[in-house]
1. Given the rule -39500 (n - 2.57) for each run of at least 4 DSSP H residues, summed and divided by the residues of the protein assembly as shown, what is its mean residue ellipticity at 222 nm, to the nearest 500 deg cm²/dmol?
2. Please arrange B:436, B:134, B:263 by accessible surface area, largest first, computed with a 1.4 Å probe and ligands excluded.
3. Take every residue in peptide A:128-141, count the Cβ atoms of other chains within 10 Å of its Cβ, and give the average of those counts.
4. Given the protein chains as shown and a 1.4 Å probe, how many square angstrom of residue B:243 are accessible, to the nearest 10?
5. Largest first, how would B:578, B:721, B:503 line up by accessible area (1.4 Å probe)?
6. Got a sec to turn the phi values of the range B:198-204 into Karplus ³J(HN,Hα) couplings, 6.51 cos²θ - 1.76 cosθ + 1.60 with θ = phi - 60°, whole Hz, x for Gly and Pro?
7. How many angstrom lie between the C-alpha centres of the range A:38-106 and the range B:359-412?
8. Where the centroid of each part is defined by its Cα atoms, how far is the range B:713-763 from the range B:540-589 in Å?
Amino acid sequence: MSEPMQRVALKVNGEHHVVTVPTRKHLADILREDLGFTGVHVGCEHGVCGACTIRIDGAIARGCLILGGQSEGAEIETIEYLSSQPGTRDLVEAFVSENALQCGFCTPGMVISAAALLAETADPTREEVRAYLSGNYCRCTGYQAIVDAVMKTAAGRRAEKGEVA
Amino acid sequence: MSKQILRDPIGKSVPRERARRFVTGRGRYTDDTAALRGLHAAFVRSPVARGDILEIDCQAARDMDGVVAVLTHAEIAGLYQPWRAGNTLLPEMKAPEQHALPPARVNYVGEPVAMVVATSRALAEDAAEQVFADIDPLDAVADIETALAPDAPLIHEDCGSNLCVILTSGNGDYGTPFKDADLVIEDTVDFGRHTACPLETRSMLAEYDPSSEVLTLRISHQCPHQLQAELAKILGLGQHRLRVISEDVGGAYGLKQQLYQEDVLVCLAAIQTGRPVRFVADRLESFASDNHAREHRVSARIAVTKDGRITGFELDDLFPIGAYPQYPRTSLGEGNHVLRMSAAGYDIADFRSRLRLLFQNKALIGHYRSVGHPVACAITEHMVDRAAAALGLAPETIRLRNFLSDDSYPRKTPTGVHLHYLSQHACLDRLLADMDITALRSEQAELRKQGIYRGIGIASFVELTGTGNGFYGPGGIDVSGQDGCTLKMEPSGHVRCMPSVTDQGQGTDTGIAQIVASVLGVEVADIRVLSGDSEITPHGGGAWASRGISTGGEAAWQAAQTLREQLLMVAGHLHQRDPETLDLSKGHVVDAAGAQISTTAEVAHICYFRHDLLPDDMPTELMVTRHSVPRVQLFQATNGIQAAYVEVDTDTGFTRLLGHWVAHDGGTLINPKLVEEQIRGGVVQGLGAALLEEIRYDEDGQLLTATMADYLVPMASDVPDIQVSHVTSGTAEGVLGAKGVGEAGVAGASGAVLNAVNDALGPLGATVRRLPIAPRTVLAALGGAAPLTAAKTSGSGR
């Protein structure tokens, strides 16, 4: 019995890739094992923990719940790329300065979720941040520093725009 | 050289170097390492809790494409040494032999019975499904009552009983009447089984080079040197031919501290195949085969006088540890800490306790952050609150009357724990001020009139941190109580720092760099810390018992002092000054007035390249190793106190956390921000234990909580902001005066919530005696729902 394979063309972090992978292989594993984007972390593989959160065609999604074939032609962004973008760099700096991570395993997913929240809501409350990030499991921080980092980023962006922080 | 005062950047909240790597997705966790020609392991695991292996037929699996090896006990017997988790200080303890794969009988659901190695994980899993394991099921021992029953099936027949060991402690015989009491209250609290649930599951990659006979194991682990020593013993390899690397670890909390069957099997497979072999547990495997923790049934009695003096305390802890004691540390630590740390902060004349470790057909119970302390804290503080309620005293009043006085140290507790210095009164004062208890109580009273039930719970704890050799070494267990640090100054003046303690996100690397920077007068950015590699770093304990800074930091301090003296000696000769008058500051050698004489880099450069400028007999090594081990006392005992404010919905049984406060004594804080985040993270783990987390088995020992949809962990929206305050008192050991902070958050959180919920339910005459406090537990206490029976919840129902 040979493993059924599938050819998948996708764009990751601005680069075009074509991979031939088992049809049952999920996108998070393709990104990690076939393309080397190990910033995509796999924590639970059933969509609960959020560690594999990536951006597909601009929207956040869980890499462990998507098969390779479903991502044919998609534009995917992972933490390696997003963390270097001007629009996310302030969030990255806030995570560092607020110590909004400890072991760091949840952090790529957490940053990508937080970036999506800030794209939707410029002035969130702490409760809104907690609600939005409630699909991303962190065992280390107790979440408070993460909330602090998101609030700091939001305030910084509003101040930049001349709004009162 | 005179003792330096602690100076910048000690005490500064500098950010962590690893933080930037992690946020940008550049972490190097075990499974991030690629391996050419690498193989993947999958395990055939027992579907029954107890049964006899009749046959394991692997032929169909062996015939499959991509399968390189299928191993059962028959294939590996004789290639490794089975192990026994015992402690020679307790010769009566039953320590059954444990094999990498069981020869005849399985003892818990999820126990590996065969291993498949194939070219991909998916193919290995396919092949594992084709292994036919014929196991004849036997009656399982899945709860406390069954384990204790006189006619119970024997899990280990050669042990003669399901009782692993009985320990007693205190200054009297267990069960004797209290000497002096107006009132004696008895109660029992059940603690559910939970698990550390790190986000990165256990993962490993073993590579064996037959030409040099060197085995390299990358593994997500807290104690690389301990594992190196154990695996060398089990596999029959020289310790110098075994390298254990734990670079970035995605959460550990005690779960990744011991030895697992898979660790041995993956190494054996790498040796047999000569190819890299990888195993990454999936989440289901984690729930089934990771260490669990904390299942206890603790009965306690507290004796008080009419004026609120606690005169006696007695407890009886039934602690089912699963199928085997965990190797190599055993499962004793958890129960032993319950025995010794319960009521440790109270001035109680009459104290005695008993602990019984029981075998069960369930996964093993090992260590989880704050080993034993949360149970000790919760049972003590529950009983103290019950006594206060019976006497009509406020919770803080009875504590003030009975806490050991802050000026009464050093002293020993009735269970023999040496306390060098605690600050319980100072911590309580701070806590009450932070939470504004008067305002909180009036809000609570107002809302009660509207049928809203809020509760305030206080829980105080004493904790053991930075433990030395005393328990493991004399017990014949090769767990290092000492930690070391190697410093190498490069010719450029930059420093490589190699501590034996490991960093799983605590920020230990950065704390140690701060200590070294302070002594050597360099920037933290001038220091590169390399930890988690048994081949590079000095042998030491790694991450356990909150020792990173209290023990590892002390070693770094000593190493840096020695390097500093060396540099100043050379500088003194070069500049014709007395080295005693010189110091290192801001990358320079400075004189007593602070004037810069030369750069430190120039001195380092001369040490390496210009011996012609120095006397022949002047030593010029700029590489130093120093070790530290607690000697004056076995550990740095410290203390803290927490408070929770909750609202209980009496219709649904849901408990909502509204506020949480911590006052803690961490001694010298090297990096306050890292300390606070350590404590907050721990608190949330304790809140999970209090309200959400439970590993459940049915009466046949079947695992019922096998996914993260069944096993609930706190998410961001489940917890409030947590106020952390610091109280600083002295220590007996070392220069730094830093005490451990890693366990404190977990230690007090669940006790505070238990007391808060019972405070909320007080007016309704209901009491909760079971953790986690699930809605059905609250409803059962209120009389509105049938409680779960013991048979349905692994023997811990109420």
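The values are calculated or read from the model by the stated rules, or taken from the named source; none is laboratory data. Please read all numbers here as calculations on a predicted model, not as lab measurements. Because the Cβ atoms are built from the backbone with ideal geometry, glycine has one as well, and the counts that use them run over all protein chains shown. Note: accessible area is taken over every heavy atom of the protein model, side chains too, but ligands, DNA and RNA are not part of it. Shrake-Rupley method; radii C 1.70, N 1.55, O 1.52, S 1.80 Å.
1. Mean residue ellipticity at 222 nm (helix-derived): -8500 deg cm²/dmol.
2. Largest accessible area first, the list is B:436, B:134, B:263.
3. 6
4. For residue B:243, solvent-accessible area is about 60 Å².
5. B:578, B:721, B:503
6. After applying 6.51 cos²θ - 1.76 cosθ + 1.60, I find x, 5, 7, 6, 4, 8, 7 Hz.
7. Between the Cα centres of the range A:38-106 and the range B:359-412 lies a distance of 42 Å.
8. Each part's Cα centre sits 34 Å from the other's.
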